[in-house]
Amino acid sequence: MAEVHAGPGALARCAGFDRLAERLGLPVTARLDYLSQFAMIYPEWQPWVVGVSGMDGAWQAGALLTMRRRNGVTVVSGLAHQVCDHGRLPAANGLAAAALAEAIAVGLAALPGPWALRLEQLPVEDPVVALLAGRLDQVEIVPGVGLPRIQLSDGHSPRTYLTKKYRSQTRAARRRFEAAGVEPRLVFRHTAAEIEPLLADLVEIRRTRDRAAYYRAELADRRRAAWWQAALLRFAERGQLELTLLDVGAGPPAAYNAALVDGRSYRFWDGRINPSWHQQWPGQLLFGELLPQLIADPRWSEVDYLRGETPFKMRTATDVVPTSRLLAWSSQPARLVAETPGLVHRWLHDWKSRHPAAERIWRVARTRLGG
């Protein structure tokens, strides 16, 4: 039996989703607790939950979605898609997958006015994606953003995964700190009581680093900053967080990395270097000394870098897990309205990549304007 819940109270009616997620072993970043906390701070995105239950009432399939009206088009996306690296449409079996695809398609058709559907970071072989695509007219399935990882095998040493050059650069980073009169060390924090006093420093490091590198300063948004801090503490309270600090004695750390402890997966969730120490290569030192410990630890089967095939991640990744995106529209005009801003953004991105001077000017301007 299919059920659909929409609006602010929808998330309170889908506890069955997390029980299904537990049975199927979904990543922690694809579960209700993680996604709902983010959705709560952005009420302009209204939850839209679709569930399929069996004869015993237990959920057999489910989709945590959200919708927002933009330019006359209802845009439907995965819940908290902004921070969801592992999108999922979980289904216990083929019949449940078919029922979920049918329920989503029927729900889309019942929406008032034109709509657009954007589901991201889904497994390439997701059966619900294929079934749903077969029920829609205007639809595309395109590659998503890859998930680099270090896939670990039993009995392998760190030298198997970290090149001689990488190890040499880590030693060089330590010498740079020593030349500055500092003996850095890795410090690990796990509990909310240990982490809460560090939050102000971590937020400032993240904001300062993003401005220095001309990244989008996400934590300049007070709502995003509040969610980020709450998420750290919530994962810590549940025993699912390991915060690694590159301690330099007095003052804030030279770098940090917050990782999610998720079964046998160690997921690098968020990390930054302190720009005050950038000449000492703090990121190289933190990860260069952390990774050998993780690789040698039999608890882990993978180190998950989450989305984005950046040069930093690809230096040590053994492979990249592909993902897919499902895009659909109620009509060609709806597609035009929904996709034009993204097309313009991609055109600008491609143009800037061909003109390095323009890219530098754009980054400086975006930073000064608070973007």
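What follows draws every value from the coordinates through simple rules; no lab data is involved. The shown structure was predicted, so the numbers you read here are calculated from the model rather than taken from an experiment. Every residue, glycine among them, receives a Cβ derived from its backbone with ideal geometry; neighbour counts consider all protein chains shown.
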* Structure fact -> Residues L326, L219 in order from fewest to most other beta-carbon atoms within 10 Å are L219, L326
* Residue farthest toward the positive end of the dipole of the chain, with Cβ of Lys/Arg at +1 and Asp/Glu at -1: which of P47, T170, H81? -> T170
* Asked: If you add up the charges near E22, with Lys and Arg at +1 and Asp and Glu at -1, over every other residue whose beta carbon is less than 14 angstrom from its beta carbon, what do you get?
  -> +2
* Asked: Over the stretch 1-146, what is the relative contact order in whole percent, taking alpha-carbon pairs under 8 Å and six or more residues apart?
  -> 22
* Asked: Relative contact order (percent) for the chain, with alpha-carbon contacts under 8 angstrom and 6 or more residues of separation?
  -> 21
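If we count other beta carbons within 10 Å of each Cβ, what is the order of H81, H5, fewest first?
The fewest-first ordering by Cβ neighbours comes to H5, H81.
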* Given H placed 1.01 Å from N in the peptide plane, which residues other than close sequence neighbours of L152 have an amide H under 5 Å from its amide H? -> E302, V303
* Structure fact -> Within the set A192, A259, A30, GNM on the chain using Cα springs under 10 Å gives the largest fluctuation to A192
* Considering the values [x] 29, 24, 23; [y] 34, 25, 19; [z] 38, 25, 20, which represents semi-axes √(5λ) of the Cα gyration tensor in Å as calculated for the structure under consideration? -> [z]
* Structure fact -> In the chain the DSSP beta bridges are antiparallel at a rate, in percent to nearest 5, of 90
* Asked: Suppose every K and R has +1 on its Cβ and every D and E has -1 on its Cβ; what is the size of the dipole of the stretch 153-300 about the Cα centre, in Debye to the nearest 20?
  -> 560
* Structure fact -> What helix-only [θ] at 222 nm does the chain give? Using -39500 (n - 2.57) per DSSP H run of at least 4, over all residues, to the nearest 500, the answer is -12500 deg cm²/dmol
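Charges at C-beta only: +1 for Lys and Arg, -1 for Asp and Glu. How large is the resulting dipole of the chain about its Cα centre, in Debye rounded to 20?
The calculated dipole for the chain is roughly 1400 debye.
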* Asked: For the stretch 49-60, in order, what is each residue's ³J(HN,Hα) by Karplus, 6.51 cos²θ - 1.76 cosθ + 1.60 with θ = phi - 60°, in whole Hz (x at glycine and Pro)?
  -> 10, 10, x, 10, 10, x, 5, 8, x, 6, 5, 10
* Asked: So, in Å, what gap is there between the alpha-carbon centers of the stretch 45-61 and the stretch 128-175?
  -> 31
* Run the numbers on the stretch 137-295 and let me know its relative contact order in percent, using alpha-carbon pairs under 8 Å that are six or more apart. => 27
* **3J(HN,Hα) from dihedral phi, the stretch 251-261, Karplus parametrisation 6.51/-1.76/1.60, rounded to Hz, x for glycine, proline** => x, x, x, 7, 6, 8, 9, 9, 10, 9, 8
* Asked: Check V248: other-chain or 5+ apart residues with amide H under 5 Å from its amide H, H built from backbone geometry?
  -> A254
